[in-house]
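Take a look at the structure below.
The values are calculated or read from the model by the stated rules, or taken from the named source; none is laboratory data. Computed from a prediction, not measured in an experiment: that's the story for all the values here. Don't worry about glycine lacking a Cβ; one is built from the backbone with ideal geometry, like all the others, and counts go over all protein chains shown.
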C-alpha cells in the first residue's frame with residue numbers, strides 16, 4: 001500500500017498547480033502531497049553567535065573547580081575573582097543550579113533584597129557567551145548584583161534539597177545537587193565526566209536551551225530563501241518587521257508584493273516543529289484570505305495569499321492542512337517546492353529580470 005501511495009503522489013499535481021475545483025474534489029490527496037514534501041528541521045540547528053563549544057565550556061568548568069578546591073568549599077568572593085578572569089565560569093555555576101538567567105536573578109533578588117532584573121541577567125549571560133574568556137571589570141552596581149547571585153548560588157548548593165510535598169519535586173533534586181555540595185564533589189571526583197553532563201544541561205533537554213536562543217535564525221532559513229527568489233527575479237517586495245504596524249492589516253504579513261500601498265500578493269512564512277504554532281499560522285492565513293475577499297466586496301482589488309511552510313508541526317493535523325490549502329487556494333509551498341514559487345503564483349506578473 002505504501003509503495004502504491006508513493007507512486008500516486010509521484011504523478012499527482014501539487015496543490016499550487018491545481019484549480020480550486022480540483023482541490024476541493026480531492027482534498028485528502030492534496031494534503032498527502034504536501035505532507036510528503038515536508039521535512040523536519042529539528043535535527044540540524046544553526047550555532048549562531050555566542051555558541052559555546054565543549055572544550056571552551058570545559059575550560060571554564062576547570063577554572064570553577066580550581067576556585068572551589070574541587071568543590072570542597074564555596075566562597076562567593078573567591079568565585080567572583082575567578083568569574084572576573086574567566087567569565088564563563090559564571091554560566092558553569094548557573095548550569096550546576098539548572099536555572100535560566102532570569103530564574104537565577106529572581107531567586108537572588110528574593111534572598112538578598114537586591115534588585116536584579118531579568119534584562120540584566122540576560123544581558124550579562126549574552127555578554128559572557130560572546131566573549132567567554134575576556135576578563136570583565138564590573139561596575140559597582142553590576143558587582144553588587146553578581147555577588148548577590150553568587151551568594152545565593154552558594155547558599156542553595158550548600159543547603160541541598162529541602163523537604164517538599166509528595167506530589168512535587170524540587171528544582172535542585174538532581175543527581176549532582178540533591179545532597180548539596182557533597183553530591184557535586186563526589187560526582188566531580190569519581191571519574192564521571194561531570195563537565196560533559198553540565199555541558200549537555202547547558203545546551204538543554206537536549207539542545208533546547210540553545211535552540212531557543214537561535215529560534216530567529218531557524219525561522220530565517222525559510223524567509224531568506226524567499227527573499228533570494230524574489231530578489232533574483234527582480235520582484236519588488238516589502239518584508240515586514242516583527243510587530244510592525246501596516247495600514248489595512250491587523251497583523252503585518254511576512255511579505256507584501258509589491259508594497260503595502262498596493263498589496264497584490266501576500267506571503268506568510270513559517271517553520272515550526274509544534275502543531276500548536278502551525279495551527280496559529282493556518283488561522284492567520286485563513287484571516288488573510290477573508291481580508292482579501294472583504295476588499296473585493298468593497299470594490300477594492302484583492303490579493304493572492306501564499307503560504308510557505310516547513311517543519312513537522314505542519315505535518316501533524318490533516319484538518320489544519322485542509323484549511324490551509326483552501327484558504328490559500330492551493331498556494332502552499334515547502335522548502336522542496338520553493339523553486340516553483342514564482343511560476344505557479346501571481347508573482348510571475350512582477351518579474352523584471354530573468355531568474
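May I ask you to say which residue of 183, 209 is in a helix (DSSP H, G or I) and either touching a strand residue (DSSP E or B) at 6+ places or on another chain (Cβ under 6 Å) or modelled with pLDDT of 75 or more (or both)? Going through 183, 209 in turn, just one is in a helix (DSSP H, G or I) and either touching a strand residue (DSSP E or B) at 6+ places or on another chain (Cβ under 6 Å) or modelled with pLDDT of 75 or more (or both): 183.
Do we have residue 235 as touching a strand residue (DSSP E or B) at 6+ places or on another chain (Cβ under 7 Å) and more than 25 Å from residue 38 (Cβ to Cβ) here? Taking the combined requirement at face value, the residue satisfies it. Restricted to segment 128-145, and to residues there that are free of Cβ contacts under 8 Å to residues at least 12 places away in the same chain and part of a helix (DSSP H, G or I), the residue that is surrounded by the most Cβ atoms within 10 Å (Cβ to Cβ) is 141.
Tell me, yes or no, whether segment 136-159 has at least one residue that is farther than 30 Å from residue 50 by Cβ and modelled with pLDDT of 85 or more. Yes, there is a match, as at least one residue in segment 136-159 is farther than 30 Å from residue 50 by Cβ and modelled with pLDDT of 85 or more.
Only one of the listed residues (286, 264, 251) is in contact with a helix residue (DSSP H, G or I) (Cβ under 8 Å, 6 or more places away or on another chain) and at pLDDT below 90. That residue is 251.
Just one of the listed residues (54, 30, 14) is modelled with pLDDT of 90 or more and closer than 30 Å to residue 127 by Cα, and it is 54. Only a single criterion out of (1) assigned to a helix (DSSP H, G or I); (2) under 29 Å from the mean Cα position of the chain (by Cα) is not satisfied by residue 148, namely (2).
Just one of (1) part of a helix (DSSP H, G or I); (2) without any contact (Cβ under 8 Å) to a residue 24 or more places away in the chain; (3) surrounded by 15 or more Cβ atoms within 10 Å (Cβ to Cβ) fails for residue 156. It is (2).
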